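K.L.:
Dropping a structure here in structure tokens format, bear with me for questions.
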């Protein structure tokens with residue numbers, strides 16, 4: 001930070017004009033961003049802000065799409081297996097049930113949380129947060145829900161599950177007759193929409209909107 | 001200049017700056033209401049504890065069978081490494097590489113990497129701050145991918161369900177392995193990355 005005017009002048013600025021990097025605690029002057037721009041910490045490279053156009057409206061559309069895809073992705077068959085005239089189907093839900101019934105309740109709970117419960121709760125939190133901004137209603141619950149969302153982020157593992165489907169298919173290919181199900185395509189679509197949503201819904205804009213600092217956020 | 005030197009605390013949850021209140025025992029964020037600390041309390045000790053627990057569980061995770069394939073009355077238990085070797089024998093090298101990386105390389109790297117990170121923060125050696133932050137980000141990002149084998153087992157148990165003809169059961173190794181993955185993820189979350197920069201002598205890099 002040798003190019004900053006003076007390190008001592010920073011602490012005399014009002015708090016609204018300052019920002020500190022969350023990962024390395026470097027204090028700096030808050031940048032002013034236009035739509036589509038983003039700012040990174042000069043010391044450790046962490047993304048401080050990104051400013052997106054119509055963030056609430058676009059995120060809301062993506063959340064609703066993801067929620068519509070959620071049910072078919074989890075309950076329609078991902079693949080069918082045919083072995084000597086017998087067929088069996090696999091859905092995300094049947095995987096959980098299968099583990100539970102084979103006596104591995106602990107792992108069944110972990111798989112249920114990471115592949116079904118957390119992704120759904122994350123989407124519901126995002127939906128309620130966006131609605132509370134849009135309708136200007138229940139902002140304090142919105143803040144709480146958005147905090148909960150940030151704690152769950154790490155534990156939704158749809159992309160890892162998709163890789164798991166791929167590995168399982170390769171392992172089964174030689175064993176029996178395998179065909180893909182509609183659930184797989186819904187699952188891939190859900191994953192893509194969810195990744196797009198995480199990129200679109202820039203956290204600092206949502207926090208500012210929830211705390212009422214950005215009065216045009218709901219537009 | 002660090003925020004802590006200017007008497008400012010960053011909220012863990014919403015990244016809002018709050019002026020430090022020296023009298024308060026617990027301080028809460030003015031924007032989101034989350035509890036704020038200058039640094040996460042006992043970050044290093046807690047991370048060590050989680051890391052050591054997962055290192056102990058790492059042994060049964062690799063030695064016990066993660067699943068048993070029952071075919072025509074015969075059961076064949078398979079460990080993690082056994083599954084990789086089986087894929088290599090089928091000639092599925094790319095998938096074997098993915099499973100090997102996700103289930104063997106990544107958990108091992110995480111255990112060693114977090115230990116190295118903690119040691120280097122405590123002893124100011126042997127890595128630069130930049131190397132440490134790259135390592136931290138990599139460990140944080142890669143952690144979830146080790147769940148791959150657990151999901152594969154879940155899918156196989158559900159789909160290979162033909163009674164006495166063929167069926168697959170999960171084994172005790174899978175429970176140990178899932179615990180290792182979860183504990184190392186928690187260890188990465190407990191570690192406060194700001195400690196990496198606190199111990200650097202100069203603020204310039």
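Read-outs throughout are calculated quantities, based only on the coordinates presented, and are distinct from any laboratory measurement. Bear in mind that the values here come from a model prediction, so they are computed numbers and not experimental data. With ideal geometry, Cβ positions are generated from the backbone for all residues, glycine too; neighbour counts draw on all protein chains shown.
K.L.:
Full extension from residue A:179 to residue A:33: what is 0.36 nm times the residue separation minus their Cα-Cα distance, to one decimal in nm?
P.N.:
47.6 nm
K.L.:
May I have the convex hull volume per residue, in Å³, for the Cα set of region B:54-104?
P.N.:
So the per-residue Cα hull volume is 70 Å³.
K.L.:
Roughly what angle does helix B:80-90 make with the longest principal axis of chain B, taking Cα atoms, 0 to 90 degrees, to the nearest 10?
P.N.:
Helix B:80-90 and the main axis of chain B meet at about 50 degrees.
K.L.:
Using only alpha carbon pairs under 8 Å that are at least six residues apart, calculate the relative contact order of chain A and give it in whole percent.
P.N.:
26
K.L.:
Using the count of nearby Cβ atoms within 10 Å as a rough guide to exposure, how do A:161, B:119 rank from fewest to most?
P.N.:
B:119, A:161
K.L.:
Something else about it: Based on the Kirkwood radius over alpha-carbon pairs, what is the Stokes-Einstein translational diffusion coefficient of region A:14-95 at 4 °C with 1.567 mPa s viscosity, in µm²/s?
P.N.:
Using the Kirkwood radius from Cα pairs, D works out to 75 µm²/s.
K.L.:
Still on this structure, please answer the following. How large is the Kirkwood hydrodynamic radius of region A:7-50, counting all unique pairs of alpha carbons, in Å?
P.N.:
For region A:7-50, the Kirkwood estimate is 11.1 Å.
K.L.:
Using square roots of five times the C-alpha gyration tensor eigenvalues, list the equivalent-ellipsoid semi-axes of region A:117-219 in whole Å, biggest first.
P.N.:
Largest first, region A:117-219 gives 37, 12, 10 Å.
K.L.:
With only alpha-carbon atoms in the gyration tensor, what are the semi-axes of the equivalent ellipsoid for chain B, in Å, largest first?
P.N.:
43, 19, 14
K.L.:
Above 37 angstrom, tally the Cα pairs of the protein assembly as shown and express them as a % of all pairs, no decimals.
P.N.:
32
K.L.:
Between Rg and the Kirkwood Rh of region A:67-163, both from Cα atoms, what is the Rg to Rh ratio?
P.N.:
A ratio of 1.11.
K.L.:
From the alpha carbon gyration tensor of chain A, can you work out the equivalent ellipsoid semi-axes (sqrt of 5 times each eigenvalue) and give them in Å, largest to smallest?
P.N.:
Equivalent ellipsoid of chain A: 43, 19, 15 Å, largest first.
K.L.:
Hey, rough spin-label estimate for residue A:47 and residue B:26, points 7 angstrom out along Cα→Cβ, what's it come to in nanometres?
P.N.:
If labels sit at residue A:47 and residue B:26, their model points lie 3.3 nm apart.
K.L.:
Test of understanding: express the Cα radius of gyration of region B:141-203 as a ratio to 2.2 N^0.38 Å, with N the residue count.
P.N.:
Region B:141-203 yields a ratio of 1.79.
K.L.:
Something else: Helix A:158-173 versus the longest principal axis of chain A: what angle, 0 to 90°, nearest 10, using Cα atoms?
P.N.:
Taking Cα atoms only, the helix is inclined about 20 degrees.
K.L.:
Using only the alpha-carbon atoms, how far is helix A:182-200 inclined from the longest principal axis of chain A? Give it as 0 to 90 degrees, nearest 10.
P.N.:
Tilt of helix A:182-200: around 10 degrees.
K.L.:
Compute the FRET efficiency between residue A:68 and residue A:136 as 1/(1 + (r/R0)^6), taking r as their Cβ-Cβ distance and R0 = 35 Å, and round to the nearest 0.05.
P.N.:
0.85
K.L.:
Give me B:56, B:36 sorted ascending by neighbouring Cβ count inside 10 Å, so fewest comes first.
P.N.:
B:56, B:36
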